[in-house]
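The block underneath contains the structure these notes are about, expressed in structure tokens.
Taken together, the values in this text are just the output of simple stated rules run on the coordinates, not laboratory data. Quantities reported herein were computed from a predicted structural model and do not represent experimental measurements. Note that each Cβ is placed from the backbone with ideal geometry, even for glycine, and that neighbours are counted across all protein chains shown.
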Amino acid sequence: MSNGRVLVVGSNGLLGQKIVELLVRGSAHRLTLASLEPRPARELLSVDYHQIDITSKKDVRQLVGDAEPEVIINCAAMTNVDACESEREAAWRINVDGVEHLIDAARRTNVRIYHVSTDYIFDGKNGPYAEDDRPEPLSYYGKTKLASENALRTSGLEVFIARTMVLYGYAAGVKPNFALWLIQSLEKGSVVRVVDDQLGNPTLVDDLAYAIVRAVELGKTGIYNIAGRDIISRYDFALRLARFFGFGASLVKPIKTAELKQPAPRPLISGLITLKAETELGISPGTVEQGLAVLKSQLSRTAGWADDSRPVPLQNSRKPTKQ
């Protein structure tokens, strides 16, 4: 897509910022950024930014009409799984209606949509899952994400759906994800209790961003699992992180999911098979240790990283090794 026009929706989020960094560095696209906040996470020359609430059909139509994109990359979503369970109307408006508004606007000029989904569309009884396995979501969050997938697949547009899971990484102004929460807690010497019965692929956000941009460049469509190489428990991930960052592993204690009494049920034996993405996108998913090394490098180069106002320099992001 040399010199293509790309609209990134949800550009201020963790994934959105990483995708923007890659697209800016590539400098072969005319970018338009859009997010819920009044200002972009980072001011960029020659890049337009629009404040947008994707639950407004009128506003989405105007945004797409003004930007005239060839590609929309949608990173906007309500991802707090328990909040989705208790705030179902809001979750549906953002995760389903918002996607349908993008579809409606995209149909007017036949725009291709790149969208992010989740392993939570599965019930976690028979993982790891391939792209053609039957979805059976347990939580309302999973149901909204499956509904958004179905809306895209039946839209008549060319669409790319990236399913991912246990996303972690650092970017300016984003809420703490699993890895950052662990680091912040362990730095304080706090004991953390982490479930040892949920299995999945911890995924460095930089790797997911690279795979999506790679898919845009190649013009790929369809459903692709994009996740880290290792399928491990959350507890095992926490232990590896503690050791890698030099914290006492004794601070990490195992707990069962049922003991947490969370509002939303979680898929337990999950995980995503990434062979299709590796083969067709030419990527090699990173291991947990490789991902933690990138994260540690980013944090160490960003003084006062816990201050959300400080962005990570562009050169700190990495591209996974191609096969």
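What percentage of all Cα-Cα pairs in the stretch 1-144 are separated by more than 19 Å?
Working: 5575 of 10296 pairs.
In whole percent, the share of Cα-Cα pairs in the stretch 1-144 beyond 19 Å is 54.
Within 10 Å, at most 13 other Cβ atoms, and a DSSP state outside H, G, I, E, B define an exposed site. Report the longest part of the chain free of exposed trypsin sites (Lys or Arg not before Pro). Please report the intermediate quantities before stating the final value.
Numbers: sites that count: 108, 125, 188, 256, 261, 301.
Longest run free of exposed loop sites: 1-107.
When ranked by the protection proxy of mean other Cβ atoms within 10 Å per residue, highest first, what sequence do the peptides 67-73, 129-135 form? Could the numbers behind the result be given before it?
Values: 67-73: 22.1, 129-135: 14.4.
Most protected by this proxy first, the peptides run 67-73, 129-135.
Arrange 121, 269 by Cβ neighbour counts within 10 Å, fewest through most, would you? Write down the numbers at each step before the final one.
Values: 121 26, 269 17.
Ranking 121, 269 by Cβ neighbours within 10 Å, fewest first, gives 269, 121.
Would you indicate which of [x] 42, 18, 16; [y] 30, 23, 19; [z] 36, 22, 16 is the value of semi-axes √(5λ) of the Cα gyration tensor in Å derived from the coordinates of this structure?
For semi-axes √(5λ) of the Cα gyration tensor in Å, the calculated option is [y].
Using a Cα distance threshold of under 23 Å, what count of lysine pairs results for the stretch 4-316 when pairs must be 8 or more residues apart or interchain?
Qualifying lysine pairs in the stretch 4-316: 26.
Starting from the Cα of residue 175, step 7 Å toward the Cβ, then list every residue of the stretch 122-146 with an amide N under 18 Å from that point.
Hits in the stretch 122-146 for residue 175 at 18 Å: 139-145.
Go ahead and estimate [θ] at 222 nm for the chain from helices alone: -39,500 (n - 2.57) per DSSP H run with n ≥ 4, summed, over the residue count, rounded to 500.
The helix contribution divided over the chain gives -10500 deg cm²/dmol.
At 0.36 nm per residue, minus the direct Cα-Cα distance, what do residue 136 and residue 46 gain on full extension? Give it in nm, one decimal, please.
Numbers: separation 90, 0.36 × 90 = 32.40 nm, distance 4.38 nm.
Gain on extension, residue 136 to residue 46, equals 28.0 nm.
Select from 179, 249, 40 the residue farthest towards the positive end of the dipole of the chain; place +1 on Cβ of Lys and Arg, -1 on Cβ of Asp and Glu, and compute about the Cα centre.
Going by the Cα projections, it comes out as 249.
Considering the options 202, 6, 94, tell which one lies farthest towards the positive end of the dipole of the chain, charges being +1 on Lys and Arg and -1 on Asp and Glu at the Cβ, about the Cα centre.
202
Only four residue types carry charge here, +1 at the Cβ of Lys and Arg and -1 at the Cβ of Asp and Glu. Report the dipole size of the chain about the Cα centre in Debye, rounded to the nearest 20. The partial results should precede the final answer.
Details: 40 positive and 38 negative charges, 99 e Å.
That gives the chain a dipole magnitude of about 480 debye.
Using label points projected 7 Å from each Cα along Cα→Cβ, tell me how many nm separate residue 125 and residue 53, to one decimal.
Once both label points are built, they end up 4.0 nm from each other.
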